[in-house]
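Below you'll find the structure, written out as structure tokens, and then a few comments.
The values are calculated or read from the model by the stated rules, or taken from the named source; none is laboratory data. Everything numeric here is computed off the predicted structure, so don't read it as measured data. Counting neighbours? That spans all protein chains shown, and the Cβs are built from the backbone with ideal geometry, glycine included. Just so you know, the surface numbers come from the protein's heavy atoms only, side chains and all, with ligands and any DNA or RNA stripped out. Shrake-Rupley method; radii C 1.70, N 1.55, O 1.52, S 1.80 Å.
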Amino acid sequence: MATTLEAPRSPYTRSTRKNGVNWEKWGWLYMRVSGVLLVVLIFGHLFVNLMVGEGVSALNFAFVSGKLADPFWQVWDVAMLWLALIHGGNGMRTLVNDYATAPLTRGILKSAILAAVVVLIVLGTLVVFTFDPCPAGANLADLNPQFCSAL
Amino acid sequence: MPQSPAGTLTSQQKTSSRRPAGTLYRGREGMWSWVLHRITGVAIFFFLLVHILDTALVRVSPEAYNAVIAQYQTPLMGLGEVALVGAIVFHAFNGLRIILIDFWNAKYQKVMFYVVLGLWVVTMLAFVPRHLINVFSH
């Protein structure tokens, strides 16, 4: 049986489909563009939450109320949520493509990554935009008096 | 993203080192930065999943959120946050290094790796003492 060997280290050829969208190229570009934005967003997030004032010791429901009542931080957090989850999900997809060899394993792992990313994007976005700083029945001491003084 | 067939990679055949031509990701600084980028990336991804779930507790009740966030304020988790921030800072600076390699010039990749390590040390010196004081003085 005649076999032909490819030249070593030659770039693998993609399947016959022509004129389609080159998703790998756009994914590659997305990692770089979102990466730059995430450096700014996450460094800002870490600075405000861990460096300003008493840092991690000051975090509680009242602190989050103060941030999520402000449209600036709503947009900041939702942008971080979407950009980071898609960036991380695409990175994990790259690892699965590199290390998982069986088609079934690859399918299961990539489906799990996709499901986690979609569920958490929906959950996180809903939480930010439906947040109530003064939920009924809450302990007054836990709330931010700046928003809940009428209670 | 090399598009040319293997036989025409003339610029990469000029290398005089014993390492295989055509990639900066095999051996030494290029490889170890890549390994660290993967490990920190996976760690950050799994923290991100947990962090979105714990933050979502603000929608359950203030008590539930405060109970979980109090766990982040313990000494053990305080040390974990040092590791987390260390991973994020490395991934961030090395990510910018990758962008510079891809869009600017790959020949400075080694020196840029040491710049990444230097910036990492400076950033951690600014963060760690302040963070540990916040964790251990409460």
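Here are the numbers:
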| quantity | calculated |
| --- | --- |
| Charge-dipole axis of chain A as Lys and Arg at +1 and Asp and Glu at -1 on Cβ define it, positive-most pick from A:Trp82, A:Cys148, A:Met92 | A:Met92 |
| Accessible solvent surface per residue of the protein assembly as shown, calculated while the other protein chains remain in place, 1.4 angstrom probe, Å² | 61 Å² |
| Lys/Arg +1, Asp/Glu -1 at C-beta; chain A dipole; positive extreme among A:Val52, A:Ala116, A:Tyr30 | A:Tyr30 |
| Nearest 10 degrees, 0 to 90: helix A:23-46 Cα axis against chain A principal axis | 30 degrees |
| Electrostatic dipole magnitude of region A:31-149 [Cβ: Lys, Arg +1; Asp, Glu -1; Cα centre; debye, to 20] | 540 debye |
| FRET efficiency estimate (nearest 0.05) - Cβ-Cβ, B:Val50 to A:Cys134, R0 22 angstrom | 0.25 |
| Spatially close lysines, pair count over the protein assembly as shown: Cα under 28 Å, gap of eight or more or interchain | 7 |
| Solvent exposure, largest accessible area first (probe 1.4 Å, DNA, RNA and ligands not counted), of A:Met31, B:Met112 | A:Met31, B:Met112 |
| Label point distance in nm, B:Leu117-B:Phe136, each placed 7 Å from Cα along Cα→Cβ | 2.7 nm |
| About the Cα centre, charge dipole magnitude for the protein assembly as shown (Lys/Arg +1, Asp/Glu -1 at Cβ), debye | 1760 debye |
